[in-house]
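Student: The structure is given below, and queries will be raised subsequently.
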Amino acid sequence: MDHLHAQFVPRGGLCFDIGAHVGDRTASFASLGARVVALEPQPRMYRALRLIHRNTPGVRLLNQAVGAREGRMVLHLNTANPTVASLSEAFVQAAASTDGWRQERWDAQIEVEVTTLDALIAEYGKPDFVKIDVEGFEADVFEGLSSALPALSFEFTTLQRDVARSGLARLAQLGRYICNLSLGETHRLELAQWISSEKMAAHIDALPDAVNSGDIFVRRA
């Protein structure tokens with residue numbers, strides 16, 4: 001993980017960890033000498049995040065979600081599998097009819113505070129790298145961003161390939177990016193050559209369903 005992130009995270013730089021969960025990526029960014037703003041909206045996960053990282057130098061922890069606009073939204077909780085909490089009703093509905101996801105149950109809801117990437121940038125500065133893992137809400141996060149960033153990653157699933165396409169299209173409106181991807185939790189880039197946003201969208205469409213998920217990495221061309 002550190003070897004992958006070192007390609008994007010300069011020592012002394014700034015990272016945003018959106019959907020930090022218990023902070024494995026936060027730990028990676030901090031180990032590379034970066035300052036980190038880590039956001040996690042789930043109360044139980046945020047408590048774990050605080051226990052692990054409250055004394056980590058250069059790490060700021062926020063109990064918030066990120067979306068298209070500031071306010072409050074309903075977060076769908078999966079109490080048996082908290083890594084897949086989502087603000088996206090469409091994600092929850094898609095999972096209900098998809099092999100490999102039918103066993104998941106979003107059995108609780110809470111209202112959470114939502115900020116935007118623009119608001120975070122206004123308060124903390126423009127990040128060198130942003131990691132986004134928000135279970136089907138990635139394209140909405142990009143709607144709250146009005147300027148291009150140096151580099152970022154965001155999760156995709158074969159469950160909702162349209163969300164990845166929408167996210168790539170939004171980023172293309174903000175600037176010229178090139179793309180790569182990492183499948184599952186391999187923490188390695190799959191493509192020998194970086195490709196355009198349009199080619200990445202086609203690549204995601206062509207992946208077999210069994211891939212399930214991964215992360216799209218983008219950087220300014």
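The values are calculated or read from the model by the stated rules, or taken from the named source; none is laboratory data. Keep in mind that this is a model prediction, so the values were computed, not measured. No Cβ is skipped: glycine too gets one built from the backbone with ideal geometry, and neighbour counts run over all protein chains shown. Just the protein is used for accessible areas: all its heavy atoms, side chains included, with ligands, DNA and RNA removed. Shrake-Rupley method; radii C 1.70, N 1.55, O 1.52, S 1.80 Å.
Student: Residue pairs, Cβ under 6 Å, 6 or more apart or interchain, first in segment 17-44 and at positive phi, second open to solvent by 10 Å² or more (accessible area, probe 1.4 Å) and of a type in the set (Lys, Arg). List them.
Tutor: GLY33/ARG11
Student: Out of the residues in segment 181-201 that are open to solvent by less than 20 Å² (accessible area, probe 1.4 Å) and either among the charged types (D, E, K, R) or within 15 Å of the chain's Cα centre (by Cα) (or both), state the one that is nearest to VAL218 (Cα to Cα).
Tutor: LEU181
Student: For PRO10, state whether it is farther than 25 Å from VAL218 by Cβ and either of a type outside the set (Lys, Arg) or at pLDDT below 95 (or both).
Tutor: It is false that PRO10 is farther than 25 Å from VAL218 by Cβ and either of a type outside the set (Lys, Arg) or at pLDDT below 95 (or both).
Student: Mind checking whether some residue in segment 145-159 is among the charged types (D, E, K, R) and either modelled with pLDDT under 95 or in contact with a Phe, Trp or Tyr (Cβ under 8 Å, 6 or more places away or on another chain) (or both)? Spell out the reasoning first.
Tutor: Initial filter on segment 145-159 (among the charged types (D, E, K, R)): 155.
Imposing the further condition that a residue be either modelled with pLDDT under 95 or in contact with a Phe, Trp or Tyr (Cβ under 8 Å, 6 or more places away or on another chain) (or both) reduces the set to none.
No: segment 145-159 contains no residue that is among the charged types (D, E, K, R) and either modelled with pLDDT under 95 or in contact with a Phe, Trp or Tyr (Cβ under 8 Å, 6 or more places away or on another chain) (or both).
Student: Residue by residue through segment 203-221, note down the ones that are open to solvent by less than 60 Å² (accessible area, probe 1.4 Å) and over 16 Å from the mean Cα position of the chain (by Cα).
Tutor: Passing the criteria: ILE204, LEU207, VAL211.
Student: What is the one condition in (1) in contact with a strand residue (DSSP E or B) (Cβ under 7 Å, 6 or more places away or on another chain); (2) at negative phi that GLU143 does not satisfy?
Tutor: Answer for GLU143: the failing condition is (1).
Student: Inside segment 93-129, can you point out the residues that are closer than 22 Å to ASN212 by Cβ and in contact (Cβ under 8 Å) with a residue 40 or more places away in the chain?
Tutor: Hits for segment 93-129 are ALA94, ALA95, THR98, ASP99, GLY100, TRP101.
Student: Between a first residue in segment 51-79 that is closer than 12 Å to GLU40 by Cβ and a second residue that is open to solvent by less than 20 Å² (accessible area, probe 1.4 Å) and of a type in the set (Lys, Arg), which pairs have beta carbons less than 8 Å apart while being 6 or more apart in sequence or on different chains?
Tutor: none
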